[in-house]
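The values are calculated or read from the model by the stated rules, or taken from the named source; none is laboratory data. Quantities reported herein were computed from a predicted structural model and do not represent experimental measurements. Positions of Cβ are backbone-derived with ideal geometry, glycine not excepted, and every protein chain shown enters the neighbour counts. In case anyone asks, the SASA skips ligands and DNA or RNA and just uses the protein heavy atoms, side chains included. Shrake-Rupley method; radii C 1.70, N 1.55, O 1.52, S 1.80 Å.
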Amino acid sequence: MTTETLLQRAAELLTPFAKDRARPESNRLDVAISANDLPAAAETLSNADWGYLSAITGMDLAPEADELEALYHFCDKAAVTTLRVRLPRAGRPEIPSISPQIPAAAFFERELGEMLGVTVVGTPDPSRLFLPDDWPEGVYPLRRDFKQEQAAPVETANRPEGGRVGNKFIVPIGPQHPALKEPGHFEFEVDGEIITGARMRLGYVHRGIEKATEERNWIQNLYLLERVCGICSHTHTSVYSQGVEKLAQVETPPRALAIRELVAGLERIHSHLLWLGVAAHEAGFDTLFMYSWRDRETVMNLLEELTGNRVNYSICVLGGVKQDILPEQAASIHQAIGYLEERIRYYLDVVSSDTFFLQRTRGIGTMTLDEAKRFGSLGPTARASGLRRDVRLDSPYGAYTRFPVSIVTDERGDLEARFAVRMKELLVTCSTIRAIVDNLPAGELTTRFPRKIPAGETVSRVEAPRGEVFYFIKSGGGESPTRLKIRTPSLCNWTSVLNKAVGHQLADVPMLIAGMDPCFSCNDRMVTVRGKKDSRSMTWSELREYGIQKYQGRR
Amino acid sequence: MNLLTSLFSLMIFPAGLALILSGLLYEWADRKLVARFQNRVGPRWFQPFADILKLLAKEEIKPSGLDSALFYGLPILALTGALTSALYAPILGLPPIHSFPGDLIVTLYLLSLLTISMGLAGWNASSRFSVIGATRSLTQLFAYEAPFLLALLGPAIAANSWTIRDVSAYAENHWLILTQPVGFVIALIGLMGKLELPPFDAPEAETEIVAGALTEYSGRGLALFTLGKSVELVVAVSLVAAFYLGGIGNPLLFLLKTLGIVLLMSLLQALLTRLRIDQTVGLWWRLGALLALLQILVLILVKGWLA
């Protein structure tokens with residue numbers, strides 16, 4: 001089905017609820033509905049199997065209008081249908097939950113509630129997901145009238161950590177725990193070794209990036225957004241540049257797009273090899289961990305050679321890329337890819353034939369195709385359950401029309417399948433990288449780019465190593481965005497982990513969490529917290545002063 | 001005079017100091033080999049000594065809400081058990097200092113004292129990780145203990161004696177690994193279970209339960225437990241080498257034999273993925289115990305037939 005027919009179908013389905021309808025871009029349909037119709041509209045789309053709920057954006061329309069707006073973005077292939085719900089701004093407006101219809105909405109609704117001060121009526125867990133416990137009540141960071149001073153921490157009792165419930169224990173994992181060298185907090189209720197319940201809490205490393213973008217200009221944001229994630233930094237700059245270029249109606253040169261795809265491919269290799277090591281370590285197979293991380297250095301060195309950096313490559317600029325691929329670099333790419341391909345084949349063999357390793361992955365955490373759909377899974381986690389969801393194919397962007405990739409899926413849905421899918425995906429990536437290097441289109445690297453972007457809204461989607469990254473960008477016509485919404489794939493995959501953990505053994509938990517390749521860094525990015533004045537918190541100028549003194553002392 | 005020599009042998013040589021030093025060197029060999037297999041550099045030879053010294057110098061933190069006597073007593077008990085068991089084992093290629101009929105059984109129980117102490121230490125602590133680790137330690141103890149005992153019983157039956165000294169003397173003329181290969185494999189793997197080495201490290205799986213039963217231990221307590229483990233490594237490796245690899249023979253050759261066993265163990269550690277506790281128990285009872293029993297049965301039948 002083409003995008004046009006998909007959108008027509010969506011329009012037909014939503015006719016009974018539509019108050020207003022618009023086609024802001026060729027692949028987008030906006031339907032304004034009233035809050036009360038929301039569950040029915042969501043149910044209609046979900047029953048008709050029209051795409052999946054990709055994100056919920058909350059916006060404060062002040063000062064132009066005294067209203068809030070919640071945007072429910074549904075994606076099917078390249079088509080994006082947005083349900084727009086207007087809410088009064090005064091007090092704490094209410095909106096009905098769509099979690100009963102679409103379970104994947106639960107996390108988005110928690111975020112909407114705490115960030116924008118909307119009561120989501122009927123959402124399964126209205127507690128805070130990202131905001132800290134000592135955040136004051138009634139202060140909503142994404143409201144326009146939010147002031148940093150309002151965020152003064154309030155006194156709170158310590159969270160009761162775990163403990164005993166009848167015959168059951170609650171085993172806390174994180175935020176500081178050897179199982180998870182990343183800041184997320186999980187509480188697993190265990191009966192002996194069997195898990196009977198799971199809860200989670202995020203937000204330990206919130207940096208307020210979404211809010212901060214509104215105070216920086218379009219170019220500065222590029223560097224800020226690169227720091228959303230330490231692993232897929234290029235994904236965030238490319239998805240942002242792609243969106244802003246669309247808003248500014250600037251044509252990016254094909255050579256630049258090809259180089260972006262090349263770097264994205266290398267980033268995917270680096271990310272999946274990193275994940276392979278972590279997942280093997282969680283299973284207690286440290287030899288594989290050490291080997292895969294050693295080989296990952298090859299791609300890290302290559303990225304450093306091409307871009308000058310190992311982590312934040314900083315190769316994207318608005319309207320193009322910063323650096324060219326030189327002929328002698330092409331040779332070293334070929335050499336590195338040759339070595340990596342051989343190693344990846346070997347790892348694919350190990351994870352699908354090592355008897356002891358298979359005991360820990362085969363049949364563990366099996367997620368059926370239906371479950372993957374219901375939980376809203378994305379990326380390799382979804383594809384390992386046979387769900388064909390990949391933005392690179394569904395909605396080819398950048399150079400993916402010129403250098404297409406093939407999709408790798410697996411029907412089994414267990415951890416073994418997730419290992420196989422990721423490794424096979426890397427083999428595809430290797431051949432795509434070769435094709436790009438050999439057929440790099442000639443031409444410019446950048447085009448001229450305006451300082452001010454015309455008013456408008458756009459949706460930009462890119463397939464990161466972990467799945468779809470969704471950006472909603474709104475420009476008011478000025479030098480900085482009015483609203484920038486980031487939805488990263490990890491947030492969508494949590495639902496599956498928490499649901500599938502129940503019934504498994506405690507020993508499987510680290511593997512289950514690692515199985516979806518969670519990224520905490522990109523999940524947590526919304527709020528800046530400045531604590532009370534104490535010895536551990538510093539203002540920017542204090543930090544600068546401290547740094548100067550320290551280095552002067554050393555000289 | 002007799003008392004003095006006994007005291008000397010217990011405190012300094014061959015038990016005591018020498019045992020601890022050799023235990024730490026064996027531990028280093030194991031760590032270094034695993035590291036090399038994993039493409040890492042690995043520690044320098046004195047690292048295990050440095051670790052122990054550092055731990056001994058550190059403050060020992062006693063968490064609130066647990067029994068002090070047990071908390072301080074158990075590490076000592078664990079090390080004592082391991083050291084005492086050395087009196088009856090052919091350490092470093094020297095014949096056992098003490099010997100009495102049935103000392104094989106006593107030695108094996110002394111070796112288990114460490115695991116039991118660790119289990120109790122875990123139960124004593126109020127931490128969830130400790131309790132789960134302790135449960136796993138003891139569950140695992142019940143899994144490998146019987147097959148391990150049976151595997152060492154094989155040579156004893158062949159030698160017609162329950163005394164370690166007699167069995168190893170008999171083994172000097174008979175390489176029992178050739179006649180009882182199954183027993184050797186089970187003894188080797190049982191050894192890894194006893195020392196909680198991968199793939200049998202579920203009781204201290206760091207990615208799930210931090211450090212298992214010993215999570216709450218720091219400073220001296222942790223040092224004593226670690227020492228106990230090193231000593232147990234030497235004693236158990238010596239026992240297996242003496243029983244299956246041609247007795248004590250000459251000390252240098254014996255050292256090579258024991259190092260060979262350490263090499264095998266570290267290779268297996270690097271190769272295998274950690275088993276879940278249910279998989280460990282399943283492996284031992286469905287396979288280990290059965291094979292060991294079968295071997296004993298065959299042994300008894302063949303012996304009866306020969307006689």
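Inspect all residues belonging to the stretch A:200-209 and state whether any of them is within 14 Å of chain B (Cβ to nearest Cβ), of a type in the set (A, V, I, L, M, F, W, C) and in contact with a Pro (Cβ under 7 Å, 6 or more places away or on another chain).
No: zero hits.
Looking at the stretch A:432-457 only, could you name the residues that are open to solvent by less than 60 Å² (accessible area, probe 1.4 Å) and free of Cβ contacts under 8 Å to residues at least 40 places away in the same chain?
Listed by number, the list holds a single entry, A:Ala435.
If a residue has to be among the small types (Gly, Ala, Ser) and more than 11 Å from chain A (Cβ to nearest Cβ) to count, how many in the stretch B:182-211 make the cut? Steps first, answer last, please.
From the stretch B:182-211, those among the small types (Gly, Ala, Ser) are B:183, B:187, B:190, B:193, B:202, B:205, B:211; that's our starting set.
Those still in the list that are more than 11 Å from chain A (Cβ to nearest Cβ) too: B:183, B:187, B:190, B:193.
Number satisfying all stated conditions: 4.
Of all residues being within 10 Å of chain A (Cβ to nearest Cβ) and among the basic types (Lys, Arg) in the stretch B:252-287, which is surrounded by the fewest Cβ atoms within 10 Å (Cβ to Cβ)? Just the residue, please.
B:Arg276
Is it the case that some residue within the stretch A:351-363 is open to solvent by 20 Å² or more (accessible area, probe 1.4 Å), out of contact with any Asp or Glu (no Cβ under 8 Å at 6 or more places or on another chain), within 14 Å of chain B (Cβ to nearest Cβ) and assigned to a loop (DSSP other than H, G, I, E, B)?
Yes, there is a match, as at least one residue in the stretch A:351-363 is open to solvent by 20 Å² or more (accessible area, probe 1.4 Å), out of contact with any Asp or Glu (no Cβ under 8 Å at 6 or more places or on another chain), within 14 Å of chain B (Cβ to nearest Cβ) and assigned to a loop (DSSP other than H, G, I, E, B).
Which residues, counting only those in the stretch B:19-73, are among the hydroxyl-bearing types (Ser, Thr, Tyr) and surrounded by fewer than 17 Cβ atoms within 10 Å (Cβ to Cβ)?
The answer is B:Ser64, B:Ser68, B:Tyr72.
Name the residue, out of A:Glu297, A:Glu261, that is in contact (Cβ under 8 Å) with a residue 12 or more places away in the chain and of a type in the set (Asp, Glu).
None of the other options fit; the residue is A:Glu261.
Can you give me the number of residues within the stretch B:202-217 that are open to solvent by 10 Å² or more (accessible area, probe 1.4 Å) and assigned to a loop (DSSP other than H, G, I, E, B)?
So the answer is 5.
Looking at (1) within 30 Å of A:Arg360 (Cβ to Cβ); (2) in contact with a helix residue (DSSP H, G or I) (Cβ under 7 Å, 6 or more places away or on another chain), can you tell me which one B:Tyr244 breaks?
Condition not satisfied by B:Tyr244: (1).
Taking A:Val469 as meeting all but one of (1) open to solvent by 10 Å² or more (accessible area, probe 1.4 Å); (2) among the β-branched types (Val, Ile, Thr); (3) touching a His at 6+ places or on another chain (Cβ under 8 Å), write down the number of the exception.
With respect to (1) open to solvent by 10 Å² or more (accessible area, probe 1.4 Å); (2) among the β-branched types (Val, Ile, Thr); (3) touching a His at 6+ places or on another chain (Cβ under 8 Å), A:Val469 is out only on (1).
Could you tell me how many of the residues in the stretch A:260-279 are within 14 Å of chain B (Cβ to nearest Cβ) and either open to solvent by 10 Å² or more (accessible area, probe 1.4 Å) or aromatic (Phe, Trp, Tyr) (or both)?
Going through the stretch A:260-279 one residue at a time, the tally reaches 1.
For B:Ile248, indicate whether it is away from chain A (no Cβ under 11 Å), at pLDDT below 85 and in contact with a Pro (Cβ under 8 Å, 6 or more places away or on another chain). Don't jump to the end; show me each part of the working.
Working: away from chain A (no Cβ under 11 Å): yes; at pLDDT below 85: yes; in contact with a Pro (Cβ under 8 Å, 6 or more places away or on another chain): yes.
Yes; evaluated as a whole, the condition is true for this residue.
Just need a number here: residues in the stretch A:280-305 that are among the acidic types (Asp, Glu) and either assigned to a loop (DSSP other than H, G, I, E, B) or within 14 Å of another protein chain (Cβ to nearest Cβ) (or both).
Number of matching residues: 4.
Can you name every one of the strands (runs of 3 or more DSSP E) wholly within the stretch A:13-80 that holds 2 or more residues which are open to solvent by less than 10 Å² (accessible area, probe 1.4 Å)?
A:28-33, A:52-60, A:67-76
Could you list, in sequence order, all residues of the stretch B:119-157 that are among the aromatic types (Phe, Trp, Tyr), within 19 Å of the chain's Cα centre (by Cα) and open to solvent by 40 Å² or more (accessible area, probe 1.4 Å)?
Answer for the stretch B:119-157, where residues must be among the aromatic types (Phe, Trp, Tyr), within 19 Å of the chain's Cα centre (by Cα) and open to solvent by 40 Å² or more (accessible area, probe 1.4 Å): just B:Phe142.
I'm trying to understand the selection: among the residues of the stretch A:364-398, which are open to solvent by less than 10 Å² (accessible area, probe 1.4 Å), part of a helix (DSSP H, G or I) and touching a Lys or Arg at 6+ places or on another chain (Cβ under 8 Å)?
Those that are open to solvent by less than 10 Å² (accessible area, probe 1.4 Å), part of a helix (DSSP H, G or I) and touching a Lys or Arg at 6+ places or on another chain (Cβ under 8 Å): A:Gly379, A:Pro380, A:Thr381, A:Ala382, A:Arg383, A:Val391.
So is B:Asn160 surrounded by fewer than 20 Cβ atoms within 10 Å (Cβ to Cβ) and free of Cβ contacts under 8 Å to residues at least 12 places away in the same chain or not?
The answer is yes for B:Asn160.
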